[in-house]
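A.B. asks: Take this structure, written in C-alpha cells, and hold onto it; I'll ask about it next.
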Amino acid sequence: MWIQYFETRNINFETHDCQSIVGFSLFMIQRLNWKGSMKTRYRQVKTRFGRPTRFEIGAIPPVPFRGTLERELEILKGRLLKKMLAEAAGPELNAPLRRAANEAASVAWFTPFPLLFFPTLLEEKARTILHQEARQREIRRRSSGLLEKAAA
C-alpha cells in the first residue's frame, strides 16, 4: 500500500546511508495515518469551580534582635574555653574541646536563654570529651602491650 502511494507521487526511494531520509519517511508515514483519524468536532467541557476560600494572614511577630546576645555568647564561650584549655592535660585536647564549645554554643543558641544554658552544656560536652580521651589512652596502652607480644 505504501509503495503504491509513493509510486503515484513520484517519490524516489533510493537507499542512502543517511538517517535524515529515515526520519523523513517516518514523518510522512505518520502524516498519512493522521489524515483520516483526527476528530473535526470538539466537545466543550464546562468547568465548575467551588466557592473561593478566604483567610486572614496575621502580622508576623517581630523576632527580637539577638546581635548583642550573640556577641555575649561568643565572649562567654571564649572565656570558658580559655579556662578549660589551661586545665587540659595536653595539647591533643585542644581541637576536641573547641569542637565541644562550638557544639554547646550551637545547642544553647536555640534555647530561650542561651547564656544561661551554655555553661552547663559546655561542661557536659567537655566531660564527654575527657571521658572519651581517657578511654582512648587506655585502649592504646592495652593494644601496645599486645603489639609487643605479637612482635616477639
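A.B. asks: Going by what's in this entry, would Ser25 be described as hydroxyl-bearing (Ser, Thr, Tyr), surrounded by 12 or more Cβ atoms within 10 Å (Cβ to Cβ) and either more than 30 Å from Glu133 (Cβ to Cβ) or at pLDDT 75 or above (or both)? Steps first, answer last, please.
C.D. replies: Working: hydroxyl-bearing (Ser, Thr, Tyr): yes; surrounded by 12 or more Cβ atoms within 10 Å (Cβ to Cβ): yes; either more than 30 Å from Glu133 (Cβ to Cβ) or at pLDDT 75 or above (or both): yes.
Considered against the rule, which asks whether it is hydroxyl-bearing (Ser, Thr, Tyr), surrounded by 12 or more Cβ atoms within 10 Å (Cβ to Cβ) and either more than 30 Å from Glu133 (Cβ to Cβ) or at pLDDT 75 or above (or both), Ser25 comes out as yes.
A.B. asks: State all residues of segment 75-120 that are hydrophobic (A, V, I, L, M, F, W, C) and within 27 Å of the chain's Cα centre (by Cα); if no residue qualifies, say none.
C.D. replies: Just the residues of segment 75-120 that are hydrophobic (A, V, I, L, M, F, W, C), to begin with: 75-76, 80-81, 84-86, 88-89, 93, 95, 97, 100-101, 104-105, 107-110, 113, 115-118.
Once the filter is applied, which keeps residues that are hydrophobic (A, V, I, L, M, F, W, C) and within 27 Å of the chain's Cα centre (by Cα), segment 75-120 yields Ala95, Ala100, Ala101, Ala104, Ala105, Val107, Ala108, Trp109, Phe110.
A.B. asks: For segment 43-88, what are the residues that are among the aliphatic types (A, V, I, L, M) and either surrounded by 10 or more Cβ atoms within 10 Å (Cβ to Cβ) or modelled with pLDDT of 90 or more (or both)? Write out each step before concluding.
C.D. replies: We begin by selecting, within segment 43-88, every residue among the aliphatic types (A, V, I, L, M); these are 45, 57, 59-60, 63, 69, 73, 75-76, 80-81, 84-86, 88.
Within segment 43-88, Leu69, Leu73, Ile75, Leu76, Leu80, Leu81, Met84, Leu85, Ala86, Ala88 qualify.
The values are calculated or read from the model by the stated rules, or taken from the named source; none is laboratory data. For clarity, every value in this text was computed on a predicted model and none was experimentally measured. Note: ideal-geometry Cβ built from the backbone for every residue, glycine included; neighbour counts use all protein chains shown.
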